[in-house]
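The values are calculated or read from the model by the stated rules, or taken from the named source; none is laboratory data. The structure presented is a predicted model; accordingly, all values stated were derived computationally and were not measured. Neighbour counts are summed over all protein chains in view; Cβ atoms, including those assigned to glycine, are modelled from backbone coordinates with ideal geometry.
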Amino acid sequence: MEAWLALEDGTVYEGESFGATGKKVGEVVFNTSMIGYQEVLTDPSYKGQIVTMTYPLIGNYGVNPGDLESLHPHVEGFVVREYQRNPSNWRSTGSLDRFLDDHGVVGISGIDTRALTRRLRVDGVMRGVISSGAADPDTLVEQARAVPRMLGQDLVREVTTDRPYRWEGERRIYVDPPDDDPEGIWDGFDEPGTYRVVVMDYGVKHNILRNLARRGCQVLVLPADYTAEQVLRLNPDGIMLSNGPGDPGAVQYAIEELKVLIERKPIFGICIGHQLLGMALGGERFKLKFGHRGANQPVRQNESGRVEITAQNHGFAIDADTLDESEVELTHINLNDRTLEGLRHRRYPVFSVQYHPEASPGPHDADYLFDRFIASMQ
Amino acid sequence: MPKRTDIESILIIGSGPIVIGQACEFDYSGTQACRALREEGYRVVLINSNPATIMTDPDMADRTYVEPITAEYVEKVIRRERPDVLLPTLGGQTALNVAVELAESGTLDRYGVELIGAKLEAIKMAEDRELFQKAMERIGLEVPRGGFARTVEEAWELVKNTGFPAIIRPAFTLGGAGGSIARSESEYAEAVEWGLSTSPITEVLIEESVIGWKEYELEVMRDLADNVVIICSIENFDPMGVHTGDSITVAPAQTLTDKEYQALRNASIKVIREIGVETGGSNIQFAVSPEDGRILAIEMNPRVSRSSALASKATGFPIAKIAAKLAVGYTLDEIPNDITRETPASFEPTIDYVVVKIPRWAFEKFPNADTQLGTQMKSVGETMAIGRTFKEAVQKGLRGLEIDRHGLGADGKDAVDAGALAAGRNAGQADDQADGMLDDLREQMTRPTAERIFQIKTALQLGMPIEEIYALTGVDPWFLHNLRDIVELEGEIGAHRNGSMPRNLLHRAKQAGFSDVQIAHLTGSDERSVRSRRIEARVDAVFKTVDTCAAEFEAMTPYYYSTYETENETRPKTRETIMILGGGPNRIGQGIEFDYCCVQAVMALKEDGYETIMVNSNPETVSTDYDISDRLFFEPLTFEDVMNIVETEKPDGVIVQFGGQTPLKLALSLERAGVPIIGTSPDSIDLAEDRKRFGALTKALGIPHPPHGTVFSFEEALEVASEIGYPVLVRPSYVLGGRNMALVYDDDSLQNYMRTAVHVSPEHPILIDKFLEDAFEYDVDAVSDGTDVVLGGIMEHIEEAGIHSGDSACVLPPYMVKPMHIDTMRNYTHALARSLKVVGLINVQYAIKNDVVYVLEVNPRASRTIPFVSKAIGVPLAQLAARVMVGKTLRDLGFTEEIIPPYASVKEVVLPFVKFAGSDSLLGPEMKSTGEVMGIYEEPGIAFAKGQSAAGGSLPLSGTVLVSVNAFDHENVVDIARELDGLGFTIMATSGTGRTLEDAGLEVVRVNKVWEGEPHIVDHIRRSDIQLIINTPLGKSARDDDYMIRRAAIEANIPCITTLSAAWSAVKAIQALKNEGREISVKSLQEWHETLKEARV
């Protein structure tokens, strides 16, 4: 079946449908990772986005339960050059086509994804519509222009968990803190852990949870709108601020609570968690022209001079110039465009990075940051 | 960290002659390194014995030593130049081995030379299997089960643990030489013995077989600050069991999930750190179980490798250049990425296309060689193709391979014709036939050979299930499914034989890499019609950029590949543009020499302000470096692909004469299509190739030419042969490197040749020439601007007539020829160049017999000897040629007089027989050498001796010489033996030769022939009782004995001379070495060329 991708600038691409049929709208972005499409699809940070992979062949190794980064895909639409119908890998339990279809993700194949990527690089990310079946291109362009802009959108609300849950053995076990003894919530864990960590779920990827659990943490995931007071009542050893989608500027409620938490507990923020922390520390966010999405971004640790290759996925960033350097140390920068990649509070054990130390997909160069978080709780 | 300032001068060791397993990828890496380090202001001293390289161009280094790469000669260079550091990681295994030898002998310490890039300990840990295994254990990586054996007994112990099949790998050999797979006890015994004998330290690794596992390579870079990045991942189409150099390989990895890939990435980083390669590139190989993902570390190259060259071309990341900069102290984040300019080199390239590399074999040259692929590399070159899909890239690769295929079959050369198959099926026939073929294929596909991908294709056509093909070949089903897509599409195209193919299908076919020739074949049309129909339907090729970053940043370097999509990225030209067509994959007869010429041409034209376009498909070369030409098109060299570029770029001139036979074959059709070919006209090129036209020309010019004829059938051949008289040289027209050329003495052999060796047709006639026995041969290279002709040099062949000029050693200037003949050759060359209206280079081959100078052939194009001559006379002939092609005159360029150097330059060749078990080492009219070396000295004998050392067969100064020659040579060998006797050698001989020598009064040690019983001649060779062998072929009857002698000599690495004229040269060289009395000195090319200037003043 034919399928279409229309951009707000009037560009229309025709291709072939795969995955689910239907119509979806979103911000069209590109990701330059050559592998890891299943992790990309299931990363909640892609909520509200139509993702194109720059690597042309997608579907090669199928899908498998071990590569899920959340319960289901979050991207709105998926754009590839050539879908691979016959996956081959010992871990594979099914085809990507089926997976997308099962989860309502509209896919389009046969697109000149490089031309699309160049357009997005030159003109910036755009709103778009992906649609399968016969369609009138002009109408699609009109619809693309009607898509709400990313700036100002709180997408965290749409992906955060409704209820707290324990992360144990790759599973979510929903729990609510007992009213009389909120700390009692930690007693329910099967495995005794060394550290009690709460994860503020702005759209968390499972690999963050896996990394914490692997290091002996009891991991408790909380809804994004949990207040500082509610968090403190649980008396965790540390707070993890997760990744997530959309504009951090629209998540003011979280920023306000963080202002309180900074002085109280060790905190480690990732991606939108870093942006929210940066804003709680007085920084301002801005929107990047086409974002950083891929697995090859070079980041320098200012302290050691070492370069790490990082996985990234963000369309907004904190403007380093708006931070008070007497309070906040700028710890990491992006070597491609010199944007801020990490910060640390000068007085409190609070730090964050813009990129993804949990990788998945991407290199594991930065997983020392989880160790650093553990150390901050000791 | 900034660059080191405590270093002034850097010694770089090249990789020497092109051999199997070590080809021009090290010219690419060495050239990049020289340029990068000089750019940083260091004084670069280079040693490399290979004159055909760009890196040995005198402009590339401050001091260029074209000397043998042996510890002895490198030490001489060190003593003279006193470099501060030695960078050994860019010249392949040769450079690494010599560096290790010099470090271990204390030579480097003695002269205070520091090893940079990789320290001795790191090199040893990576190269010594035992140390490597221990290192892997320390970092928790698995290696295949097994161990080391120094004796056959130890090997039997080990195989109990590994079981069969077992892998046998000798330690410290090149390209896996001597390695093999043993499936049974009997195979094992032989394999172990051979392995032990090839290893310089008599040690073999016996390993559990992981045949059939998936094979991956990662290209890793590390800097002194311990930053590590992965440049590229490569997945092998052929699974474990086939040497990676003989595997079709694909970048990036296709069938790994992120979790698996990251496990390999993490392992690679651990490996480079544990082995301790401080800076630069390394290549790490893994086997991954297709069943459960178990990972085994297989090996690591602590240096830039063939795969690094591939990774550089595949990603646009210049590994060798960056490695050189890291070696002098820079860190990755201090070096800019040339392509984006705004981002640093400390990142991991991401690509948005698929790269396929396909090896090029030359088994046709070695009729008795074992063609099965295994752990020892056998290919002589490779081609790389870039496409947006695997299907597109693999088809482009196959048509770029220069094996007369136009993609994955569908070109009229398939074992099964798709159309006939369909017709047969419909009629209910052909099923039996198909069953028979399937049985054959089942048998064939389990043995990997050069043909395997085509066998898979046939199996798919015949309906063999993917699962079965996978079981037979171990090729991952992902690849097989993609190949099946191609086969299915072939069927769809074939359904449109009436020319009614819908645009959509045409577009899909092009996107899947189908060439116009394939589509023409499938639809019963011709290439031209398909092309015009395609252009009419606006199914045009577009060009996309290789930019390291999948378009995330703007690319500043125009490095392109074609595909069939919507957006073309090339930019309009800004000034007069010249396009140079390269030579494609290396093969025997067409190698690095032509890349040298192309690069020289590019550099000259660039300097003169032209915009240059390079087209080539060989990833090993300098020409395919993106910063050599102004625009690089990485494309197959076919009419279709070249036309696509011409139509987009509209060059003002196209040069076809530098890339060897590959672009020449296209010259006429390109010209007919309106392409502006510059230089000598395609018609003149054709005239020189066309025997009839050429015969008329020589007749008109009054130049003697051996009688000859062109025939289209055996009957005609007999007629011509009887007319001109035996012996005759026979060959197909339009060949390079004497492909299928043979010397024929009688009607029977002629009939045999016509029946078995060649396919005669009206388009492919056979050429027959009278063979001038006992003549001496000469090669002349000259450059002409259409008016003036100046000789580059006259080379005297050391081997007699009948040996292909590419296999013959030669010396410049000639020293055994009468001056009047030199004048004659000069005059003939002038006359030929003028009448052919040559603009550019011309090569003429002459033979002199009974004081008559005959012209054998004329090639109005760059010859194989251009780089050698250029280096001998200190004049860049290819640059001059490029300039005259764009309108300069030789007078403008100041090259008006032939230069006759006051020293001798000797070219010696390197032969690949050791790699081909079963092949004979006899030379003949068909070229077999893979590479060449050069020796320079005042005294020709010593220049020859240097050439021998450089080619790996140092001449002995004492010991025993075995003389066993044929009856014709008995008389002539007496003087040679007498000289050797006088030089203190013991003469050993078999009965026939021995009797003659004794009759002449020489003392001879008699030795048994093989059939005469032990200890026989081969025993003596194996025991190293013999230091030099002179063995001329004894004719068919005694062939086996002879063959065993030569084979044993190859395996024992004893110099074996198979012609008397070469024997004479060897004797003179030994004499010269002994007379010299003092040490043989070394001198750089720059200094030699300085003496030329002095001589002229």
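Do we have any residue at all in region B:1032-1048 that's aliphatic (A, V, I, L, M) and closer than 28 Å to residue B:942 by Cβ?
Scanning region B:1032-1048, I find no residue that is aliphatic (A, V, I, L, M) and closer than 28 Å to residue B:942 by Cβ, so the answer is no.
Residues are listed down the side, and each one gets a yes or a no for (1) of a type in the set (S, T, N, Q); (2) more than 23 Å from residue B:688 (Cα to Cα); (3) touching a residue at least 60 places away in the same chain (Cβ under 8 Å):
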| residue | (1), (2), (3) |
| --- | --- |
| B:836 | no, no, yes |
| B:847 | no, no, yes |
| B:856 | no, no, yes |
| B:863 | yes, no, yes |
| B:896 | yes, yes, yes |
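Please pick out the residue among B:588, B:628, B:592, B:613 that is away from chain A (no Cβ under 14 Å), under 22 Å from the mean Cα position of the chain (by Cα) and free of Cβ contacts under 8 Å to residues at least 60 places away in the same chain.
B:628 is the lone residue from the list that is away from chain A (no Cβ under 14 Å), under 22 Å from the mean Cα position of the chain (by Cα) and free of Cβ contacts under 8 Å to residues at least 60 places away in the same chain.
Answer yes or no: is there a residue in region B:251-260 that is at pLDDT 95 or above, surrounded by fewer than 21 Cβ atoms within 10 Å (Cβ to Cβ) and part of a helix (DSSP H, G or I).
So in region B:251-260, the residues at pLDDT 95 or above come out as B:251-260.
Next, from what is left, pick out any that are surrounded by fewer than 21 Cβ atoms within 10 Å (Cβ to Cβ): B:259.
Okay, now just the ones that are also part of a helix (DSSP H, G or I), so B:259.
Yes, because at least one residue in region B:251-260 is at pLDDT 95 or above, surrounded by fewer than 21 Cβ atoms within 10 Å (Cβ to Cβ) and part of a helix (DSSP H, G or I).
Restricted to region A:346-378, and to residues that are buried (at least 21 other Cβ atoms within 10 Å of the Cβ) and among the charged types (D, E, K, R), which residue is nearest to the other protein chains (Cβ to nearest Cβ)?
Top of the filtered list is A:365.
List, please: which pairs have Cβ atoms under 7 Å, are six or more places apart or on different chains, and start with a residue in region B:341-354 that is more than 7 Å from chain A (Cβ to nearest Cβ) and under 16 Å from residue B:318 (Cβ atoms) and end with one that is outside any loop (DSSP other than H, G, I, E, B) and at pLDDT below 95?
Taking only residues 6 or more apart or on different chains, the pairs are B:345/B:336.
Among the residues that make up region B:290-300, is at least one of them within 22 Å of the chain's Cα centre (by Cα) and more than 14 Å from chain A (Cβ to nearest Cβ)? Walk me through how you get there before you give the answer.
Initially, region B:290-300 is screened for residues within 22 Å of the chain's Cα centre (by Cα), giving none.
No.
Residues of region A:143-158 being surrounded by 14 or more Cβ atoms within 10 Å (Cβ to Cβ) and more than 23 Å from the chain's Cα centre (by Cα), which ones?
If the condition is that a residue be surrounded by 14 or more Cβ atoms within 10 Å (Cβ to Cβ) and more than 23 Å from the chain's Cα centre (by Cα), then A:143, A:144, A:145 are the ones that fit.
Can you tell me which residue within region B:881-926, out of those that are at pLDDT 95 or above and among the basic types (Lys, Arg), is surrounded by the most Cβ atoms within 10 Å (Cβ to Cβ)?
B:907
Given the residues A:272, A:309, A:318, which is the only one that is within 14 Å of chain B (Cβ to nearest Cβ) and not hydroxyl-bearing (Ser, Thr, Tyr)?
Going through A:272, A:309, A:318 in turn, just one is within 14 Å of chain B (Cβ to nearest Cβ) and not hydroxyl-bearing (Ser, Thr, Tyr): A:309.
Which is assigned to a helix (DSSP H, G or I) and either under 20 Å from residue B:1030 (Cβ atoms) or out of contact with any Leu (no Cβ under 6 Å at 6 or more places or on another chain) (or both), of B:928, B:946?
Exactly one residue qualifies, and that residue is B:946.
Looking at region A:120-135, is at least one residue within 14 Å of chain B (Cβ to nearest Cβ), among the β-branched types (Val, Ile, Thr), crowded, with 21+ Cβ neighbours inside 10 Å and touching a residue at least 40 places away in the same chain (Cβ under 8 Å)?
yes
Any idea which of A:323, A:343, A:330 is closer than 12 Å to residue A:268 by Cβ, more than 14 Å from chain B (Cβ to nearest Cβ) and modelled with pLDDT of 95 or more? Before the answer, list the steps.
Numbers: A:323 fails: closer than 12 Å to residue A:268 by Cβ; A:330 fails: closer than 12 Å to residue A:268 by Cβ.
Every option except A:343 fails the conditions.
Which one is surrounded by the fewest Cβ atoms within 10 Å (Cβ to Cβ), of the residues in region B:196-229 that are assigned to a loop (DSSP other than H, G, I, E, B) and within 14 Å of another protein chain (Cβ to nearest Cβ)? Explain how you work it out, then say what you get.
Restricting attention to region B:196-229, the residues satisfying the condition of being assigned to a loop (DSSP other than H, G, I, E, B) are B:199-203, B:209-213, B:223-227.
If we keep only those that are within 14 Å of another protein chain (Cβ to nearest Cβ) too, we end up with B:212-213, B:223-227.
Details: B:212: 18, B:213: 23, B:223: 27, B:224: 17, B:225: 20, B:226: 14, B:227: 22.
Of everything passing the filter in region B:196-229, B:226 is surrounded by the fewest Cβ atoms within 10 Å (Cβ to Cβ).
Across region A:280-293, which residue is nearest to the other protein chains (Cβ to nearest Cβ) among those that are of a type in the set (A, V, I, L, M, F, W, C) and assigned to a strand (DSSP E or B)?
Out of the qualifying residues, it is A:290.
Determine whether residue A:85 is part of a helix (DSSP H, G or I) and within 13 Å of chain B (Cβ to nearest Cβ).
no
Which ones in region B:147-168 are buried (at least 22 other Cβ atoms within 10 Å of the Cβ) and either within 34 Å of the chain's Cα centre (by Cα) or under 19 Å from residue B:213 (Cα atoms) (or both)?
Once the filter is applied, which keeps residues that are buried (at least 22 other Cβ atoms within 10 Å of the Cβ) and either within 34 Å of the chain's Cα centre (by Cα) or under 19 Å from residue B:213 (Cα atoms) (or both), region B:147-168 yields B:149, B:166, B:167, B:168.
Which residues, taken from region B:647-670, are over 29 Å from the mean Cα position of the chain (by Cα) and not in a loop (DSSP other than H, G, I, E, B)?
B:647, B:648, B:649
For region A:28-73, which residues satisfy the criterion of being within 8 Å of another protein chain (Cβ to nearest Cβ), under 13 Å from residue A:87 (Cβ atoms) and not in a loop (DSSP other than H, G, I, E, B)?
A:38, A:57, A:67
Taking region A:294-305 on its own, how many of its residues are part of a strand (DSSP E or B) and facing chain B (nearest Cβ under 9 Å)? Even if it seems obvious, please write down each step before you answer.
Keep residues of region A:294-305 that are part of a strand (DSSP E or B), which gives A:294-301.
Those still in the list that are facing chain B (nearest Cβ under 9 Å) too: A:294-298, A:300.
The total comes to 6.
Among the numbered conditions (1) surrounded by fewer than 16 Cβ atoms within 10 Å (Cβ to Cβ); (2) under 28 Å from residue B:851 (Cα atoms); (3) not charged (D, E, K, R), tell me where residue B:730 comes up short.
It is condition (1) that residue B:730 fails.
Look at region B:843-873 and say how many of its residues are assigned to a loop (DSSP other than H, G, I, E, B) and buried (at least 23 other Cβ atoms within 10 Å of the Cβ).
Of the residues in that region, 6 qualify.
Which pairs have Cβ atoms under 9 Å, sit 6 or more apart or on different chains, and link a residue in region B:123-140 that is farther than 22 Å from residue B:103 by Cβ to one that is β-branched (Val, Ile, Thr) and part of a helix (DSSP H, G or I)?
B:136/B:271; B:139/B:271
Among the helices (runs of 4 or more DSSP H) contained in region A:111-175, which hold 2 or more residues that are under 20 Å from residue A:291 (Cα atoms) and of a type in the set (Ser, Thr, Tyr)?
Because the criterion is at least 2 residues that are under 20 Å from residue A:291 (Cα atoms) and of a type in the set (Ser, Thr, Tyr), the helices (runs of 4 or more DSSP H) in region A:111-175 that meet it are A:113-123.
Based on what the data block shows, is residue B:248 among the β-branched types (Val, Ile, Thr), surrounded by fewer than 23 Cβ atoms within 10 Å (Cβ to Cβ), within 21 Å of residue B:167 (Cα to Cα) and within 14 Å of another protein chain (Cβ to nearest Cβ)?
no
So which of B:306, B:273 is surrounded by 23 or more Cβ atoms within 10 Å (Cβ to Cβ) and either more than 9 Å from chain A (Cβ to nearest Cβ) or closer than 25 Å to residue B:388 by Cβ (or both)? I'd like the intermediate steps shown before the answer.
Numbers: B:273 fails: surrounded by 23 or more Cβ atoms within 10 Å (Cβ to Cβ).
Just a single option satisfies the conditions, and that option is B:306.
So is residue B:1070 at pLDDT 85 or above, of a type in the set (A, V, I, L, M, F, W, C), in contact with a helix residue (DSSP H, G or I) (Cβ under 8 Å, 6 or more places away or on another chain) and over 23 Å from residue B:811 (Cβ atoms) or not? Break it down into steps so the answer makes sense when it comes.
Details: at pLDDT 85 or above: yes; of a type in the set (A, V, I, L, M, F, W, C): yes; in contact with a helix residue (DSSP H, G or I) (Cβ under 8 Å, 6 or more places away or on another chain): yes; over 23 Å from residue B:811 (Cβ atoms): no.
No: the conditions fail for residue B:1070.
Does residue B:234 satisfy being part of a strand (DSSP E or B) and facing another protein chain (nearest Cβ under 10 Å)? Full working, then the answer.
Numbers: part of a strand (DSSP E or B): yes; facing another protein chain (nearest Cβ under 10 Å): no.
So residue B:234 fails the test.
Could you check region B:451-570 for helices (runs of 4 or more DSSP H) lying wholly inside it with 3 or more residues that are away from chain A (no Cβ under 14 Å) and without any contact (Cβ under 8 Å) to a residue 12 or more places away in the chain?
Filter on region B:451-570 gives B:527-536.
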